[in-house]
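What follows is a short report on a single structure.
Bear in mind that the values in this text are calculations on the coordinates, not laboratory data. Because the structure is a prediction, the values reported are computed rather than measured. Using ideal geometry, Cβ is built from the backbone for each residue, glycine included, and neighbour counts are taken over all protein chains shown.
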Amino acid sequence: MTKIVLMAAAFAAMLFGSSIESKAASLVANIDVSSQTMTVSRHGQVLYRWSVSTARKGYITPRGSYRPQWTARMWYSRKYDMSPMPYSVFFRGGYAIHGTGAVRQLGRPASHGCVRLHTANAATFYAMVKEVGYGNTRIVVTN
């Protein structure tokens with residue numbers, strides 16, 4: 001009888017553990033506005049830490065926790081003179097994480113609100129999002 005109870009408890013723990021794990025994002029991008037960095041983790045393990053540029057004075061980068069809404073290999077901003085936005089991962093309306101050619105600005109606020117990073121790093125993040133899916137990706141923007 002004890003063996004059956006132990007097996008049932010182990011099975012319940014296994015089911016409970018899997019359901020919690022499936023609800024957690026396997027890919028997390030933490031954007032820290034104060035340090036102008038983006039840390040990318042997969043299954044809790046830090047893989048990358050990159051310099052970014054977020055909103056400069058007069059603009060905002062929205063804070064909060066988001067899932068990607070859509071992606072574009074190459075997008076052109078209709079709002080800002082058709083500026084190129086390679087490897088865009090849109091997370092809130094027109095706000096995206098995307099590559100930039102303005103690499104000298106990385107590490108300090110310089111954008112109209114998007115999270116800019118080196119185009120090679122944007123390509124890496126874009127590919128990871130496409131691989132794991134929107135539902136398994138979380139984008140967290142904090143002060």
**Request:** Could you calculate, for the stretch 73-143, the ratio of the Cα radius of gyration to the Kirkwood radius, expressed as Rg to Rh?
**Result:** 0.94
**Request:** Could you work out the local net charge near Pro109, counting Lys and Arg as +1, Asp and Glu as -1, over the other residues with Cβ closer than 9 Å to its Cβ?
**Result:** +3
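Fewest first, what order do Tyr134, Tyr76 take by the number of other Cβ atoms within 10 Å? Display every interim value, and only then the final one.
On the way: Tyr134 17, Tyr76 13.
Ordered by Cβ neighbours within 10 Å, fewest first: Tyr76, Tyr134.
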**Message:** Which residues does the label zone of Leu47 cover in the stretch 126-143, counting backbone N under 12 Å from a point 7 Å along Cα→Cβ?
**Reply:** 126-133, 137-138
**Message:** Quick check: net charge around Ser41, other residues with Cβ under 14 Å of its Cβ, Lys/Arg +1 and Asp/Glu -1?
**Reply:** +2
**Item:** Antiparallel bridges, percent of DSSP beta bridges restricted to the stretch 47-143 (to nearest 5)
**Value:** 75 percent
**Request:** Return the FRET efficiency for the residue pair Glu131, Asp81: r is the Cβ-Cβ distance, R0 is 30 Å, and the value is rounded to the nearest 0.05.
**Result:** 0.40
**Prompt:** Relative contact order for the stretch 39-96: what is it in percent, counting Cα pairs under 8 Å that are at least 6 residues apart?
**Reply:** 24 percent
